[in-house]
Amino acid sequence: MPNDRYSPDDVRDDFVPKQVYYAQDFAELEAEKLWPFVWQVACRAEEVPNVGDYVTYDIVDDSIVVIRASETEIRAYHNVCPHRARRLTAGAGSHKQFVCPFHGWRFGLDGRNIKVVDKGDWDGCLHPDDISLSEVRCDQWGGFVFINMDPKAEPLRDFLDPVPDYCDKFEFEKLRFQWYKTVIMPSNWKTVLGFFNEFYHVQQAHPQLLEFTDDYSNSGEFGRHSQTWFHSEGALPFRRSPRLPPRPEPPMKDHIVRFAEQYSTDLRTMLTPRNYAAAMRVRDEVAPETGPIETLAKWMEFQMEAAAADGAGWPSELTPEYVERSGLDWHVFPNTIFLHGFVDGVLWYRVRPNGRDPESCIFDIWSLVRYGPGQEPPLEREFYEDWRDGEWGLIFRQDFENIPEVQKGFKSRGFKGERTNPVQERAISSFHRVLRRFLEDPYDKPRVTRQR
């Protein structure tokens, strides 16, 4: 890797060079040095519930098929026939075996070749290892199926450290899709990632949230990963932003109701129907003079009652201290971000390059909810070439309007590089250092320092 051009030392807490957002040679470095060596989310286990169910995951030039090979095992293979390189699957579906549409070679769900048409023509020189599907490392965490094309990569749990320590008790594996949307964005994948890896933009891009959000935040690195949290630990989660003109703070129940109404229309995820219904109970059943802590406790009590009533259940080991320590937003290197603070609803992002074009990316947005048994809706994957064609809440639209304009701005002769906020946007600059170090040596694991 040409360190003189893309050295980790060029990134500071308050500066990120701009070329990585559009330079073709950096996209080529990522294609050769990042994606083939890093753990990345391919799908959720619920997408392959039955034996033979599969999902195709494409990343740059590679295509991986994730399949439930048995009741207890999910496996992954390079999505290519070893005969003449025909891809075997596209999208999602179900197979009893893989059949190449080109020449009819067949493979079992365990990847072994079970048929070569006119095999005798090779006069015994086809070794089983040469004609089986090429397996890819596959593991799970929190209901997500991760793949890694590098056989020498560290175990998934080690790669994720310390994220599981902060998030396991939320029981992500019990979540299911409320909705699944994919959109092609006219920007670098890191541009999109940066939009959802900080709260510093809330005061300008989402001003409607300030009436119930003290938006000043902090962020820091946790090994390869990062976390974002509200700056004032121990402070109430809902209060007017100090950026607004001063006026008396309304009762906590008013904040909760306004938050629920705003998020149910402007985001349409993270706040679940159960959260919303509990907020309406707070409105109707909690007296205005009730203290803020007691009001929040009643809201949580109503949510837990509803979760028990519909069979969804509630994470049994969660404590208020654990929830606060876990923060609001995690970036799991390289390309996943999730917001999980409301326990039974999680907003999950995955963004990746659209082929080798450094100014186009595939952006997946997943709304995940904790449902009672059999209550989750059927999975429908929505796909949009242009975000304007989809139904999006106001918060998404506000960000989507800005993304292509930022991508264009990176190439301005008057722009030298990002002047990242060293406090509120440290997760972004940290990511860029980690990325450059990974491109130099994927086996050089950074020391995990817990910032909170």
Is it true that ALA85 is at positive phi, part of a loop (DSSP other than H, G, I, E, B) and hydrophobic (A, V, I, L, M, F, W, C)?
-> yes
Would you mind stating whether GLY345 is at positive phi, in contact (Cβ under 8 Å) with a residue 40 or more places away in the chain and buried (at least 22 other Cβ atoms within 10 Å of the Cβ)?
-> no
Restricting attention to region 355-363, does a residue exist that is over 18 Å from ALA312 (Cβ atoms), at pLDDT 95 or above, surrounded by fewer than 19 Cβ atoms within 10 Å (Cβ to Cβ) and touching a strand residue (DSSP E or B) at 6+ places or on another chain (Cβ under 6 Å)?
-> yes
For region 274-299, the count of residues that are touching a residue at least 12 places away in the same chain (Cβ under 8 Å) and either surrounded by 13 or more Cβ atoms within 10 Å (Cβ to Cβ) or over 19 Å from PRO250 (Cβ atoms) (or both) equals 17
Could you list all residues from region 324-354 that are at pLDDT 95 or above and polar (S, T, N, Q)?
-> ASN335, THR336, ASN354
Scan region 199-211 and report the pairs whose first residue is without any contact (Cβ under 8 Å) to a residue 40 or more places away in the chain and whose second residue is open to solvent by less than 40 Å² (accessible area, probe 1.4 Å) and among the hydroxyl-bearing types (Ser, Thr, Tyr), with Cβ atoms within less than 8 Å and a gap of 6+ or a chain change.
-> VAL202/THR213; LEU210/SER241
If you check every pair at least six apart or on different chains, which have Cβ atoms under 9 Å apart with a residue in region 94-113 that is under 16 Å from TYR54 (Cα atoms) first and a residue that is acidic (Asp, Glu) and open to solvent by less than 60 Å² (accessible area, probe 1.4 Å) second?
-> SER94/ASP53; HIS95/ASP53
Counting only strands (runs of 3 or more DSSP E) wholly inside region 1-70, the ones holding at least 1 residues that are of a type in the set (Asp, Glu) are 53-59, 62-70
With the checklist (1) open to solvent by 40 Å² or more (accessible area, probe 1.4 Å); (2) under 30 Å from PRO292 (Cβ atoms); (3) under 19 Å from the mean Cα position of the chain (by Cα) in hand, flag the one item TYR200 doesn't pass.
-> (3)
Residues being small (Gly, Ala, Ser), farther than 16 Å from VAL202 by Cβ and either in a loop (DSSP other than H, G, I, E, B) or over 18 Å from the mean Cα position of the chain (by Cα) (or both) - total across region 392-444 = 5
Taking into account only those residues within region 403-452 that are surrounded by fewer than 16 Cβ atoms within 10 Å (Cβ to Cβ) and of a type in the set (S, T, N, Q), which is modelled with the highest pLDDT?
-> SER412
Quick check, is GLU211 open to solvent by 10 Å² or more (accessible area, probe 1.4 Å) and in contact with a Ser or Thr (Cβ under 8 Å, 6 or more places away or on another chain)?
-> yes
Test VAL145 against the stated conditions and say whether it is modelled with pLDDT of 95 or more, among the β-branched types (Val, Ile, Thr) and open to solvent by 20 Å² or more (accessible area, probe 1.4 Å).
-> no
Go through region 230-263 and give me each residue that's of a type outside the set (D, E, K, R), open to solvent by less than 60 Å² (accessible area, probe 1.4 Å), outside any helix (DSSP H, G or I) and modelled with pLDDT of 90 or more.
-> SER241, LEU244, PRO250, PRO251
Looking at VAL38, is it modelled with pLDDT of 95 or more, open to solvent by less than 60 Å² (accessible area, probe 1.4 Å) and touching a Leu at 6+ places or on another chain (Cβ under 8 Å)?
-> no
Going through region 98-127 one residue at a time, which ones are under 35 Å from the mean Cα position of the chain (by Cα) and either exposed (fewer than 12 other Cβ atoms within 10 Å of the Cβ) or in a strand (DSSP E or B) (or both)?
-> PHE98, VAL99, PRO101, ARG106, PHE107, ASN113
Only one of these is at pLDDT 95 or above and either of a type in the set (Phe, Trp, Tyr) or out of contact with any His (no Cβ under 8 Å at 6 or more places or on another chain) (or both): HIS225, HIS206. Name it.
-> HIS206
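The values are calculated or read from the model by the stated rules, or taken from the named source; none is laboratory data. The model shown is predicted, which means the values in this text are computed figures rather than measured ones. Ideal geometry is used to build each Cβ from the backbone, glycine not excepted, and the neighbour counts take in all protein chains shown. When the accessible area is computed, the model is the full protein with side chains, heavy atoms only, and any ligands, DNA or RNA have been set aside. Shrake-Rupley method; radii C 1.70, N 1.55, O 1.52, S 1.80 Å.
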